[in-house]
Amino acid sequence: MNNFKLKTESKLVKRKLSDMSTMYLDQKAVKEVLTEDPLIYEFSTIKVPEENGHLLHCISKIYSGKIGSEYFMTKGHFHEVENTAEIYFTLKGNGKLVMQANNGDSKVINMKKGSISYIPPYWAHRTVNTGNEPLIFFCVYRGDAGHNYGIIEKNGMKKLIHEKNNKVVITDNPKY
Ligand code: PAN
Ligand code: ZN
């Protein structure tokens, strides 16, 4: 039944370091930077019913910066409806899309202006800004997908994205 009222109500979510302080490896650096508690990222979603058939979509903006040597990043999540795929279209900046399957496989993909990144069903995903300007991307996924942050909050992701000698490096998370 078509009972959707076309109106553009949006929701803006902001995440500061204090919202994700345990997710960075260098806890000494976290403690120091927490005194400023920088805004790490924000995303705005146009409100649509969170049900099958609708498409949720948003614009995410990750600011440029590091905590210790680790670049600013999103928390990362699986979807509650695990077989949900998602598409990211990068509008500005440079970064990495870190993905991890529930069997432990992992994959890191480059993001740059104009790139389209496909997140297959069952893969957790986190985005990392490796550049000097905000990383901005558009995302779209099924309306009833939901977000499951718990697993990533507890264990982190297997691959971490750092700066070393002015280069972007991918390292293994020692907590795994
Ligand atoms: C994105 C993310 C957004 C913020 O819209 O929700 O970039 O990342 P976190 O949700 O991990 O904080 C998405 O993947 N939605 O499903
Ligand atoms: Zn997602």
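Quick notes on this one:
- For segment 56-76, taking the residues that are in a loop (DSSP other than H, G, I, E, B) and near ligand 2 (Cβ under 10 Å from one of its atoms), the one that is farthest from SER44 (Cα to Cα) is identified as GLY76.
- Test for VAL81: is it modelled with pLDDT under 95, of a type in the set (A, V, I, L, M) and not in a strand (DSSP E or B): no
- Summed over segment 116-140, the residues that are of a type outside the set (Val, Ile, Thr) and away from ligand 1 (no atom under 15 Å from the Cβ) give a count of 3.
- Filtered by the rule that a residue be in a strand (DSSP E or B) and either over 24 Å from LYS159 (Cα atoms) or in contact with a Lys or Arg (Cβ under 6 Å, 6 or more places away or on another chain) (or both), segment 32-55 gives LEU39, ILE40, TYR41, GLU42, SER44, THR45, ILE46, LEU55.
- Test for THR130: is it touching a residue at least 24 places away in the same chain (Cβ under 8 Å) and away from ligand 2 (no atom under 16 Å from the Cβ): yes
- Index of the failed condition, ASN103 passing every other in (1) more than 10 Å from ligand 1 (Cβ to nearest atom); (2) in a loop (DSSP other than H, G, I, E, B); (3) at pLDDT 95 or above: (3)
- Restricting segment 133-145 to residues that are surrounded by fewer than 16 Cβ atoms within 10 Å (Cβ to Cβ) and within 16 Å of ligand 2 (Cβ to nearest atom), the residue that is farthest from HIS79 (Cα to Cα): PHE138
Yes/no per residue for (1) in contact with a Leu (Cβ under 7 Å, 6 or more places away or on another chain); (2) over 23 Å from ILE119 (Cα atoms):
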site	(1), (2)
SER10	no, yes
ARG15	no, no
SER21	yes, yes
LEU34	yes, yes
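- Test for GLY114: is it loosely packed, with under 14 Cβ neighbours inside 10 Å, assigned to a loop (DSSP other than H, G, I, E, B) and modelled with pLDDT of 95 or more: yes
- Residue match in segment 77-94 (condition: under 12 Å from the mean Cα position of the chain (by Cα), away from ligand 2 (no atom under 12 Å from the Cβ) and within 26 Å of LEU25 (Cβ to Cβ)): no
- Per the conditions (1) within 21 Å of THR171 (Cα to Cα); (2) touching a helix residue (DSSP H, G or I) at 6+ places or on another chain (Cβ under 9 Å); (3) part of a helix (DSSP H, G or I), the sole criterion not satisfied by ALA29 is (2).
The values are calculated or read from the model by the stated rules, or taken from the named source; none is laboratory data. Only a predicted model underlies this, so the values are computations on that prediction, with no experimental measurement involved. Don't worry about glycine lacking a Cβ; one is built from the backbone with ideal geometry, like all the others, and counts go over all protein chains shown.
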